[in-house]
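Notes follow the structure.
Please treat every number below as a calculation from the coordinates, not as lab data. Just so we're clear, the structure is a prediction, and the values are computed from it rather than from any experiment. All Cβ positions, even for glycine, are placed from backbone atoms using ideal geometry, and neighbour counts span all protein chains on display.
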């Protein structure tokens with residue numbers, strides 16, 4: 001039976017400030033680094049070992065991977081970067097305060113931008129300093145102007161089919177480090193969650209999510225490496241923050 005682990009990055013500096021982050025390359029907070037370390041400790045305690053790790057292009061995800069893998073004494077394994085694991089692109093909302101946007105546009109509109117399945121936020125303006133289109137990391141990549149969760153599902157599905165399945169067929173033990181929406185999109189695909197239901201799913205920061213897969217690499221079951229109390233508290237914080245960074 002194959003297993004795969006998904007891990008959302010620890011708290012970022014913009015998570016802490018309540019800002020729309022998206023593709024903006026924001027660092028981990030002190031708490032975020034602690035969460036990454038604890039995640040590694042949990043994986044080690046439960047006997048997990050990995051042959052291969054995947055990360056996005058975002059430093060909060062990459063640093064979470066390094067901290068967690070160090071706790072596992074596994075910094076030697078290959079760490080592959082794939083832009084398709086990036087957070088959802090929040091368009092012209094990137095860098096803006098969520099609470100301030102609620103005051104300006106109303107709670108209902110911000111909720112549509114933040115949690116609807118197929119509605120994109122306003123496209124990022126060309127003069128926006130948080131536009132990654134010309135960033136050297138994304139040379140040759142068609143950087144989106146804004147994304148819905150449905151857009152993220154499309155790229156994540158391709159990532160799974162092109163990268164993960166071939167390595168699972170080679171019996172590779174894999175851990176995927178991502179962000180709230182990239183992992184939400186992957187969970188939707190693995191569990192075949194309906195569009196209207198996935199918008200209510202919250203993935204907590206820094207808690208390993210384990211999937212057990214059948215012979216065709218379809219999800220059989222999943223569980224978090226956390227007590228019910230820990231999971232309830234972490235998920236509650238994510239839900240309260242409207243955490244979509």
| remark: Over the Cα atoms of region 17-152 the radius of gyration and the largest Cα-Cα distance (Dmax), both in Å, equal 17.0, 49
| task | Could you work out how far helix 180-191 tilts from the main Cα principal axis of the chain, as a 0 to 90 degree angle to the nearest 10? | result | 50 degrees
| query | Using the beta-carbon distance between residue 141 and residue 116 and R0 = 25 Å, what value does 1/(1 + (r/R0)^6) give for FRET efficiency, to the nearest 0.05? | reply | 0.50
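To one decimal place, what orientation-averaged projected area in nm² is obtained for the convex hull of the Cα set of the chain?
12.6 nm²
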| Which of the peptides 167-173, 7-13, 38-44 is most tightly packed, and how do the rest follow, judged by the mean count of other Cβ atoms within 10 Å per residue? | 7-13, 38-44, 167-173
| task | Could you sort 180-193, 146-159 so that the peptide with the highest average Cβ count within 10 Å comes first and the rest follow in order? | result | 180-193, 146-159
| task | May I ask for log10 I(q)/I(0) of region 78-160 at q = 0.17 Å⁻¹, from a Debye sum over the Cα atoms as equal point scatterers with solvent left out? | result | -0.75
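With Rg and the Kirkwood Rh both taken from Cα atoms, where does Rg over Rh land for region 121-163? Kindly include the intermediate steps, with their values, before the conclusion.
Details: Rg = 12.2 Å, Rh = 11.9 Å.
Ratio of gyration radius to Kirkwood radius for region 121-163: 1.03.
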| task | For helix 30-45, report the angle its Cα long axis makes with the longest principal axis of the Cα atoms of the chain; keep it between 0 and 90° and round to the nearest 10°. | result | 20 degrees
| task | Grab the Cα-Cα distance for residue 13 and residue 127, subtract it from 0.36 nm times how many residues apart they are, and report the gain in nm with one decimal. | result | 38.7 nm
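If packing is taken as the average count of other Cβ atoms within 10 Å, what order do 81-91, 62-72, 104-114, 213-223 fall into, highest mean first?
Put in order of decreasing packing, that is 81-91, 62-72, 104-114, 213-223.
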| note | In degrees rounded to 10, the 0-90 angle between helix 149-159 Cα long axis and the longest Cα principal axis of the chain is 30 degrees
| task | Give me the percent of DSSP beta bridges within region 2-241 that run antiparallel, rounded to the nearest 5. | result | 50 percent
| note | For the residue 75, residue 222 Cβ pair and Förster radius 25 Å, calculated FRET efficiency rounded to 0.05 is 0.40
| message | How would region 18-89 be classified by its alpha-carbon gyration tensor: rounded, prolate or oblate, with rounded meaning a/c under 1.5 and the a/b versus b/c comparison settling the rest? | response | oblate
